[in-house]
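Asks: Next up is a structure, given as structure tokens.
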Amino acid sequence: MPLEIIRLLAFQGPNILAPQPGVLLQARADRDQSRRLRSALRDAAQGAGIVLGALDVEAQPAGAGQVLTASFTTPTPEIGAAVARYVVEGLNAQEAGDESWDAEGRLWELRRRWRAEALPAAALRLVAEAAVRGVPAFTRADGALQLGYGARSLALDPAALAVQRRGDAA
């Protein structure tokens with residue numbers, strides 16, 4: 001039985017799982033494939049270029065099979081959800097012996113999408129530091145990077161955080 005996605009959610013900001021944006025994947029399988037899923041998620045995230053943190057994958061018995069639950073934080077949750085879908089499709093194609101499934105082409109498309117939407121490196125470092133300190137950090141709908149929430153939050157323009165190199169125009 002192939003993996004079947006039950007639920008795939010992309011959280012844009014602080015959520016019930018973490019104070020950072022992230023992804024929740026629940027899938028049904030005939031056996032425990034949690035190790036395989038964990039490894040495939042790490043490899044695909046690295047191949048697509050997304051930052052993936054706090055990866056947690058577990059399997060719970062459900063009827064005659066298993067329900068796999070994977071969650072992770074990422075500053076690009078929509079792309080993270082697309083990576084999770086890519087992984088499930090890839091694992092299913094691998095199990096079915098489908099050699100026509102184009103793993104590399106789909107991965108390059110995710111990488112192109114990430115390059116178009118990714119935060120500058122300085123903003124990613126800021127998000128990582130916020131995560132270490134337990135401070136919620138996420139990209140708002142208007143594109144600003146928000147640290148914290150409520151009256152004591154701070155909103156920054158990610159482009160302003162980009163480090164200017166020598167020779168670049170001011």
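The values are calculated or read from the model by the stated rules, or taken from the named source; none is laboratory data. Keep in mind that what you see is a predicted model, and the values were worked out from it rather than measured. All Cβ positions, even for glycine, are placed from backbone atoms using ideal geometry, and neighbour counts span all protein chains on display. The area values use the complete protein model at the heavy-atom level, side chains included, leaving out ligands, DNA and RNA. Shrake-Rupley method; radii C 1.70, N 1.55, O 1.52, S 1.80 Å.
Asks: Quick check on Leu9: is it closer than 30 Å to Pro158 by Cβ, more than 10 Å from the chain's Cα centre (by Cα) and either modelled with pLDDT under 95 or of a type outside the set (Lys, Arg) (or both)?
Replies: Yes, satisfied.
Asks: Now a separate question. If you scan the stretch 41-54, which residues turn out to be open to solvent by less than 30 Å² (accessible area, probe 1.4 Å) and either without any contact (Cβ under 8 Å) to a residue 60 or more places away in the chain or hydrophobic (A, V, I, L, M, F, W, C) (or both)? Write out each step before concluding.
Replies: In the first step, residues of the stretch 41-54 are kept if they are open to solvent by less than 30 Å² (accessible area, probe 1.4 Å); the result is 41, 44-45, 47-50, 53.
Leu41, Ala44, Ala45, Ala48, Ile50 - these are the residues of the stretch 41-54 that are open to solvent by less than 30 Å² (accessible area, probe 1.4 Å) and either without any contact (Cβ under 8 Å) to a residue 60 or more places away in the chain or hydrophobic (A, V, I, L, M, F, W, C) (or both).
Asks: Related question: If Ala103 satisfies every condition in (1) open to solvent by less than 30 Å² (accessible area, probe 1.4 Å); (2) aliphatic (A, V, I, L, M); (3) within 20 Å of Gln46 (Cβ to Cβ) but one, which is the exception?
Replies: Going through the list (1) open to solvent by less than 30 Å² (accessible area, probe 1.4 Å); (2) aliphatic (A, V, I, L, M); (3) within 20 Å of Gln46 (Cβ to Cβ), Ala103 breaks only (1).
Asks: What helices (runs of 4 or more DSSP H) completely inside the stretch 73-169 contain at least 3 residues that are touching a residue at least 60 places away in the same chain (Cβ under 8 Å) and over 29 Å from Ile16 (Cβ atoms)? Show your work before the answer.
Replies: On the way: elements: 77-96, 103-117, 121-132, 158-161.
Passing ranges, in order: 103-117.
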